[in-house]
Amino acid sequence: MNRRIVLAALAPLAALVFPAACGGDQQPEPKTAAAASTPASTSVEPPASATPSASATPSASAEPAKPPAPTPVVKFTGLSTPESVLYDAARDRYLVSNINGKPVDADNNGFISDLSPDGKVTNLKFIEAGKNKVTLNAPKGMALVKDVLYVADLDTVRMFDVKTGAPKGEIKLPGATFANDVAASEDGKVYVSDSGLKMVDGKFEGTGTDAVWVIEKGKAKVFAKSTDLSRPNGLLVDGKTVLVAPFGAAEIYRVDDKGKKSDATKLPKGGLDGILKVGDSLLVSSWEASTIYKGKVGGTFEPILEQLGAPADIGWDSKRSRVLVPRFMGDVVEVYEVK
(Lines give C-alpha, C1' and ligand atoms only; values in the text may rest on other atoms or scores of the structure.)
Protein backbone atom coordinates (compact mmCIF):
# COMPACT_ATOMS: atom_id res chain seq x y z
CA MET A 1 0.00 0.00 0.00
CA ASN A 2 1.13 3.52 -0.77
CA ARG A 3 0.69 5.34 2.55
CA ARG A 4 0.81 8.73 0.82
CA ILE A 5 -2.29 7.79 -1.13
CA VAL A 6 -4.14 6.78 2.03
CA LEU A 7 -3.01 9.88 3.92
CA ALA A 8 -4.16 12.07 1.04
CA ALA A 9 -7.48 10.26 0.98
CA LEU A 10 -8.12 10.60 4.72
CA ALA A 11 -6.96 14.20 5.20
CA PRO A 12 -10.13 15.68 3.70
CA LEU A 13 -12.21 13.28 5.80
CA ALA A 14 -10.62 14.70 8.95
CA ALA A 15 -11.37 18.19 7.68
CA LEU A 16 -14.95 17.19 6.98
CA VAL A 17 -15.47 15.73 10.44
CA PHE A 18 -13.43 18.26 12.42
CA PRO A 19 -13.80 21.62 10.63
CA ALA A 20 -12.24 23.41 13.60
CA ALA A 21 -9.01 21.77 13.49
CA CYS A 22 -15.00 0.51 9.46
CA GLY A 23 -21.32 -5.81 17.66
CA GLY A 24 -20.25 -7.20 20.82
CA ASP A 25 -21.40 -9.60 23.47
CA GLN A 26 -21.07 -8.65 27.11
CA GLN A 27 -17.58 -9.39 28.39
CA PRO A 28 -15.97 -9.53 31.85
CA GLU A 29 -15.26 -6.16 33.45
CA PRO A 30 -11.61 -5.04 33.23
CA LYS A 31 -10.18 -4.50 36.69
CA THR A 32 -7.98 -1.44 36.06
CA ALA A 33 -6.79 0.67 33.19
CA ALA A 34 -3.60 -0.27 31.40
CA ALA A 35 -0.56 0.81 33.38
CA ALA A 36 1.56 3.64 32.01
CA SER A 37 5.20 4.26 32.83
CA THR A 38 6.36 7.56 34.30
CA PRO A 39 7.28 9.98 31.51
CA ALA A 40 10.88 11.06 31.26
CA SER A 41 11.50 14.71 32.12
CA THR A 42 12.00 17.06 29.21
CA SER A 43 13.21 20.62 28.91
CA VAL A 44 13.06 23.35 26.29
CA GLU A 45 15.64 26.15 26.54
CA PRO A 46 13.95 29.59 26.22
CA PRO A 47 15.65 32.72 24.87
CA ALA A 48 18.23 34.16 27.28
CA SER A 49 16.17 37.31 27.83
CA ALA A 50 13.19 35.25 28.93
CA THR A 51 14.93 32.68 31.12
CA PRO A 52 12.99 32.39 34.42
CA SER A 53 14.62 31.82 37.76
CA ALA A 54 14.70 28.32 39.15
CA SER A 55 11.95 29.23 41.61
CA ALA A 56 9.64 30.77 39.03
CA THR A 57 6.13 29.36 38.80
CA PRO A 58 5.31 27.81 35.40
CA SER A 59 2.79 29.66 33.30
CA ALA A 60 -0.78 28.58 33.90
CA SER A 61 -1.32 28.53 30.14
CA ALA A 62 1.39 25.91 29.55
CA GLU A 63 0.01 22.66 28.13
CA PRO A 64 0.19 19.68 30.49
CA ALA A 65 2.62 16.97 29.48
CA LYS A 66 1.06 14.18 27.46
CA PRO A 67 1.10 10.72 29.02
CA PRO A 68 3.59 8.30 27.49
CA ALA A 69 2.42 6.04 24.69
CA PRO A 70 1.39 2.64 26.07
CA THR A 71 3.41 -0.45 25.27
CA PRO A 72 1.53 -3.25 23.54
CA VAL A 73 1.90 -6.81 24.79
CA VAL A 74 1.66 -8.03 21.19
CA LYS A 75 2.17 -6.18 17.92
CA PHE A 76 1.39 -7.48 14.44
CA THR A 77 3.13 -5.86 11.47
CA GLY A 78 2.93 -6.37 7.71
CA LEU A 79 -0.78 -5.54 7.45
CA SER A 80 -2.28 -3.16 4.88
CA THR A 81 -4.72 -0.51 6.08
CA PRO A 82 -6.22 -2.65 8.85
CA GLU A 83 -9.71 -1.41 9.70
CA SER A 84 -11.33 -3.93 12.05
CA VAL A 85 -10.22 -6.68 14.45
CA LEU A 86 -12.59 -9.43 15.54
CA TYR A 87 -11.85 -12.05 18.20
CA ASP A 88 -13.01 -15.49 17.06
CA ALA A 89 -13.42 -17.09 20.49
CA ALA A 90 -14.37 -20.54 19.21
CA ARG A 91 -11.05 -20.85 17.39
CA ASP A 92 -9.05 -18.50 19.66
CA ARG A 93 -7.75 -16.23 16.92
CA TYR A 94 -7.94 -12.66 15.67
CA LEU A 95 -9.42 -11.82 12.28
CA VAL A 96 -8.39 -8.52 10.68
CA SER A 97 -9.96 -6.75 7.70
CA ASN A 98 -7.36 -5.11 5.43
CA ILE A 99 -8.60 -2.43 3.01
CA ASN A 100 -5.26 -2.47 1.17
CA GLY A 101 -5.79 0.90 -0.53
CA LYS A 102 -8.41 3.65 -0.40
CA PRO A 103 -11.49 3.04 1.76
CA VAL A 104 -13.86 3.93 -1.11
CA ASP A 105 -12.31 2.07 -4.05
CA ALA A 106 -14.02 -0.94 -5.64
CA ASP A 107 -10.60 -2.36 -6.54
CA ASN A 108 -11.12 -5.96 -5.37
CA ASN A 109 -7.80 -6.24 -3.54
CA GLY A 110 -8.89 -6.38 0.11
CA PHE A 111 -8.16 -9.33 2.37
CA ILE A 112 -8.82 -10.84 5.81
CA SER A 113 -5.88 -11.90 7.99
CA ASP A 114 -5.78 -14.72 10.55
CA LEU A 115 -3.60 -13.89 13.56
CA SER A 116 -2.61 -15.93 16.60
CA PRO A 117 -2.91 -14.30 20.07
CA ASP A 118 0.74 -15.19 20.72
CA GLY A 119 1.88 -12.73 18.05
CA LYS A 120 2.15 -14.89 14.95
CA VAL A 121 0.56 -14.07 11.60
CA THR A 122 -1.03 -17.47 10.94
CA ASN A 123 -2.31 -16.58 7.48
CA LEU A 124 -1.88 -13.03 6.19
CA LYS A 125 -4.42 -13.56 3.42
CA PHE A 126 -6.80 -16.11 4.90
CA ILE A 127 -9.53 -14.63 2.68
CA GLU A 128 -8.14 -12.85 -0.39
CA ALA A 129 -9.89 -10.90 -3.12
CA GLY A 130 -9.55 -12.41 -6.57
CA LYS A 131 -8.90 -15.93 -5.31
CA ASN A 132 -11.37 -18.78 -4.76
CA LYS A 133 -14.16 -16.60 -6.20
CA VAL A 134 -13.73 -14.03 -3.42
CA THR A 135 -14.75 -10.39 -3.91
CA LEU A 136 -13.45 -7.88 -1.33
CA ASN A 137 -13.04 -4.23 -2.24
CA ALA A 138 -12.61 -2.19 0.93
CA PRO A 139 -13.51 -4.55 3.80
CA LYS A 140 -14.24 -2.86 7.11
CA GLY A 141 -16.35 -4.03 10.08
CA MET A 142 -16.99 -7.72 10.77
CA ALA A 143 -19.29 -9.90 12.85
CA LEU A 144 -19.79 -13.62 13.42
CA VAL A 145 -23.09 -15.48 13.43
CA LYS A 146 -22.40 -19.13 14.18
CA ASP A 147 -19.81 -20.08 11.53
CA VAL A 148 -20.59 -17.29 9.07
CA LEU A 149 -18.38 -14.19 8.92
CA TYR A 150 -20.18 -11.01 7.82
CA VAL A 151 -18.00 -8.24 6.33
CA ALA A 152 -19.03 -4.68 5.38
CA ASP A 153 -17.78 -3.74 1.92
CA LEU A 154 -18.87 -0.38 0.41
CA ASP A 155 -22.54 -1.07 -0.48
CA THR A 156 -22.57 -4.79 0.25
CA VAL A 157 -22.27 -7.23 3.13
CA ARG A 158 -20.24 -10.27 2.13
CA MET A 159 -20.43 -13.61 3.90
CA PHE A 160 -17.73 -16.24 4.34
CA ASP A 161 -17.31 -19.63 5.99
CA VAL A 162 -15.22 -18.68 9.01
CA LYS A 163 -13.54 -22.10 9.05
CA THR A 164 -12.47 -22.29 5.40
CA GLY A 165 -12.78 -18.72 4.12
CA ALA A 166 -15.05 -19.84 1.29
CA PRO A 167 -17.63 -17.30 0.03
CA LYS A 168 -21.16 -17.83 1.37
CA GLY A 169 -23.01 -15.16 -0.57
CA GLU A 170 -23.60 -11.42 -0.34
CA ILE A 171 -26.39 -9.01 0.57
CA LYS A 172 -26.72 -5.61 -1.11
CA LEU A 173 -27.55 -2.45 0.83
CA PRO A 174 -29.45 -0.49 -1.85
CA GLY A 175 -28.22 3.11 -2.02
CA ALA A 176 -25.53 2.71 0.66
CA THR A 177 -22.21 4.44 -0.02
CA PHE A 178 -19.86 3.63 2.88
CA ALA A 179 -20.81 0.45 4.75
CA ASN A 180 -18.63 0.55 7.82
CA ASP A 181 -19.29 -1.51 10.94
CA VAL A 182 -21.18 -4.77 11.49
CA ALA A 183 -22.71 -6.04 14.74
CA ALA A 184 -24.74 -9.18 15.43
CA SER A 185 -27.49 -9.75 17.98
CA GLU A 186 -28.01 -12.93 19.98
CA ASP A 187 -30.96 -13.88 17.78
CA GLY A 188 -28.84 -13.71 14.60
CA LYS A 189 -29.82 -10.32 13.24
CA VAL A 190 -26.94 -8.41 11.65
CA TYR A 191 -26.73 -4.61 11.84
CA VAL A 192 -24.61 -2.52 9.45
CA SER A 193 -23.71 1.17 9.54
CA ASP A 194 -23.48 3.37 6.46
CA SER A 195 -21.31 6.40 7.22
CA GLY A 196 -22.65 8.23 4.16
CA LEU A 197 -19.41 9.20 2.43
CA LYS A 198 -17.98 9.32 -1.07
CA MET A 199 -14.86 10.76 -2.65
CA VAL A 200 -15.03 13.46 -5.31
CA ASP A 201 -11.85 14.88 -6.88
CA GLY A 202 -9.79 13.46 -4.04
CA LYS A 203 -12.00 14.88 -1.29
CA PHE A 204 -14.59 13.24 0.93
CA GLU A 205 -18.15 14.51 0.72
CA GLY A 206 -21.30 13.52 2.54
CA THR A 207 -23.82 11.57 0.51
CA GLY A 208 -26.79 11.89 2.83
CA THR A 209 -27.13 8.11 3.06
CA ASP A 210 -26.23 8.01 6.79
CA ALA A 211 -28.06 4.94 8.10
CA VAL A 212 -28.13 1.79 10.16
CA TRP A 213 -29.35 -1.29 8.32
CA VAL A 214 -30.55 -4.62 9.68
CA ILE A 215 -30.21 -7.97 7.91
CA GLU A 216 -32.75 -10.60 8.85
CA LYS A 217 -33.40 -13.89 7.08
CA GLY A 218 -31.02 -12.91 4.30
CA LYS A 219 -32.69 -9.58 3.51
CA ALA A 220 -31.57 -6.04 4.33
CA LYS A 221 -33.83 -3.18 5.36
CA VAL A 222 -33.30 0.24 6.89
CA PHE A 223 -33.32 0.25 10.69
CA ALA A 224 -32.74 4.00 11.00
CA LYS A 225 -31.81 6.62 8.41
CA SER A 226 -31.07 10.33 8.83
CA THR A 227 -28.19 12.76 8.45
CA ASP A 228 -28.78 13.41 12.17
CA LEU A 229 -26.99 10.10 12.72
CA SER A 230 -23.74 12.04 12.07
CA ARG A 231 -21.80 9.52 9.97
CA PRO A 232 -22.69 6.39 11.99
CA ASN A 233 -19.67 4.16 12.42
CA GLY A 234 -19.26 1.72 15.31
CA LEU A 235 -22.28 -0.36 16.32
CA LEU A 236 -23.18 -2.34 19.43
CA VAL A 237 -26.46 -4.22 19.78
CA ASP A 238 -28.16 -3.52 23.11
CA GLY A 239 -31.48 -5.34 23.41
CA LYS A 240 -33.83 -4.12 20.69
CA THR A 241 -31.81 -0.95 20.15
CA VAL A 242 -28.36 -0.23 18.76
CA LEU A 243 -25.67 1.94 20.34
CA VAL A 244 -23.86 4.04 17.75
CA ALA A 245 -20.39 5.61 17.83
CA PRO A 246 -20.50 8.17 14.96
CA PHE A 247 -17.46 9.46 13.12
CA GLY A 248 -19.05 12.90 12.75
CA ALA A 249 -19.81 13.76 16.38
CA ALA A 250 -18.26 13.57 19.85
CA GLU A 251 -21.08 11.54 21.36
CA ILE A 252 -22.54 8.07 21.43
CA TYR A 253 -26.28 7.49 21.28
CA ARG A 254 -28.96 4.84 21.11
CA VAL A 255 -31.21 4.36 18.10
CA ASP A 256 -34.35 2.25 17.66
CA ASP A 257 -36.14 0.84 14.63
CA LYS A 258 -38.27 3.98 14.36
CA GLY A 259 -35.11 6.00 13.83
CA LYS A 260 -35.43 7.70 17.21
CA LYS A 261 -32.24 8.74 18.97
CA SER A 262 -31.94 8.70 22.74
CA ASP A 263 -29.39 8.55 25.56
CA ALA A 264 -26.92 10.81 23.75
CA THR A 265 -23.74 10.88 25.85
CA LYS A 266 -20.85 13.27 25.17
CA LEU A 267 -17.24 12.15 24.88
CA PRO A 268 -14.21 14.45 25.22
CA LYS A 269 -13.46 14.26 21.48
CA GLY A 270 -14.98 12.78 18.35
CA GLY A 271 -14.03 10.89 15.22
CA LEU A 272 -15.45 7.81 16.95
CA ASP A 273 -14.99 4.36 15.46
CA GLY A 274 -15.10 1.10 17.42
CA ILE A 275 -17.42 0.46 20.37
CA LEU A 276 -17.35 -2.54 22.73
CA LYS A 277 -19.20 -3.61 25.85
CA VAL A 278 -16.89 -4.94 28.55
CA GLY A 279 -18.71 -5.81 31.75
CA ASP A 280 -21.07 -2.92 32.39
CA SER A 281 -18.82 -0.37 30.70
CA LEU A 282 -18.19 0.70 27.12
CA LEU A 283 -14.87 1.10 25.32
CA VAL A 284 -14.87 3.57 22.41
CA SER A 285 -12.03 4.52 20.06
CA SER A 286 -11.52 8.13 18.94
CA TRP A 287 -9.48 9.21 15.93
CA GLU A 288 -9.56 12.87 16.95
CA ALA A 289 -8.10 12.10 20.39
CA SER A 290 -5.95 9.08 19.36
CA THR A 291 -7.47 7.49 22.43
CA ILE A 292 -9.54 4.58 23.74
CA TYR A 293 -12.18 5.86 26.20
CA LYS A 294 -14.04 3.95 28.90
CA GLY A 295 -17.41 4.96 30.32
CA LYS A 296 -21.14 4.34 30.47
CA VAL A 297 -24.21 5.63 28.68
CA GLY A 298 -25.35 8.73 30.51
CA GLY A 299 -22.05 9.00 32.37
CA THR A 300 -18.56 10.32 31.72
CA PHE A 301 -15.87 8.80 29.55
CA GLU A 302 -12.22 8.74 30.59
CA PRO A 303 -9.13 7.73 28.58
CA ILE A 304 -7.61 4.34 29.34
CA LEU A 305 -5.18 4.18 26.39
CA GLU A 306 -3.75 7.30 24.74
CA GLN A 307 -1.39 8.27 21.90
CA LEU A 308 -2.80 5.60 19.59
CA GLY A 309 -2.92 7.29 16.20
CA ALA A 310 -5.86 6.30 13.97
CA PRO A 311 -7.43 3.65 16.23
CA ALA A 312 -10.12 2.09 14.04
CA ASP A 313 -12.65 -0.66 14.82
CA ILE A 314 -11.33 -2.18 18.06
CA GLY A 315 -11.90 -5.76 19.23
CA TRP A 316 -11.92 -7.53 22.60
CA ASP A 317 -10.12 -10.75 23.49
CA SER A 318 -12.40 -12.03 26.26
CA LYS A 319 -10.07 -14.88 27.19
CA ARG A 320 -7.11 -12.61 28.00
CA SER A 321 -8.81 -9.26 28.79
CA ARG A 322 -7.13 -7.54 25.85
CA VAL A 323 -8.12 -4.64 23.64
CA LEU A 324 -7.23 -5.27 19.99
CA VAL A 325 -6.41 -2.01 18.19
CA PRO A 326 -6.08 -1.74 14.39
CA ARG A 327 -3.82 1.25 13.67
CA PHE A 328 -5.34 2.22 10.32
CA MET A 329 -2.54 4.55 9.23
CA GLY A 330 0.28 2.46 10.65
CA ASP A 331 -0.40 -0.91 9.00
CA VAL A 332 -0.21 -2.64 12.39
CA VAL A 333 -2.50 -4.19 14.98
CA GLU A 334 -1.53 -3.65 18.61
CA VAL A 335 -2.79 -5.59 21.61
CA TYR A 336 -3.10 -4.07 25.08
CA GLU A 337 -3.96 -5.76 28.37
CA VAL A 338 -6.77 -4.12 30.29
CA LYS A 339 -7.18 -5.62 33.76
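The values are calculated or read from the model by the stated rules, or taken from the named source; none is laboratory data. Small disclaimer: the values here were computed from a predicted structure and weren't measured. We place every Cβ from the backbone using ideal geometry, glycine too, and count neighbours over all the protein chains shown.
Residues are listed down the side, and each one gets a yes or a no for (1) surrounded by fewer than 23 Cβ atoms within 10 Å (Cβ to Cβ); (2) touching a strand residue (DSSP E or B) at 6+ places or on another chain (Cβ under 6 Å); (3) not aliphatic (A, V, I, L, M):
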position	(1), (2), (3)
Val242	no, yes, no
Asp257	yes, yes, yes
Lys269	yes, yes, yes
Glu288	yes, no, yes
Val297	yes, yes, no
Ile304	yes, yes, no
Met329	yes, no, no
Within the range 176-225, considering residues that are among the β-branched types (Val, Ile, Thr) and assigned to a loop (DSSP other than H, G, I, E, B), the one surrounded by the most Cβ atoms within 10 Å (Cβ to Cβ): Thr177
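Take the residues in the range 49-105 that are assigned to a loop (DSSP other than H, G, I, E, B), modelled with pLDDT of 85 or more and acidic (Asp, Glu); name whichever of them is farthest from Leu197 (Cα to Cα).
First, the residues of the range 49-105 that are assigned to a loop (DSSP other than H, G, I, E, B): 51-73, 77-81, 89-92, 99-105.
Of the ones still in play, those that are also modelled with pLDDT of 85 or more are 70-73, 77-81, 89-92, 99-105.
Then keep just the ones that are acidic (Asp, Glu); that gives 92, 105.
Working: Asp92: 34, Asp105: 12 Å.
The selected residue is Asp92.
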Flag for Asp228 being surrounded by fewer than 22 Cβ atoms within 10 Å (Cβ to Cβ) and outside any loop (DSSP other than H, G, I, E, B): yes
Of the residues in the range 106-120, those that are in a loop (DSSP other than H, G, I, E, B), surrounded by 14 or more Cβ atoms within 10 Å (Cβ to Cβ) and among the acidic types (Asp, Glu) come to Asp107
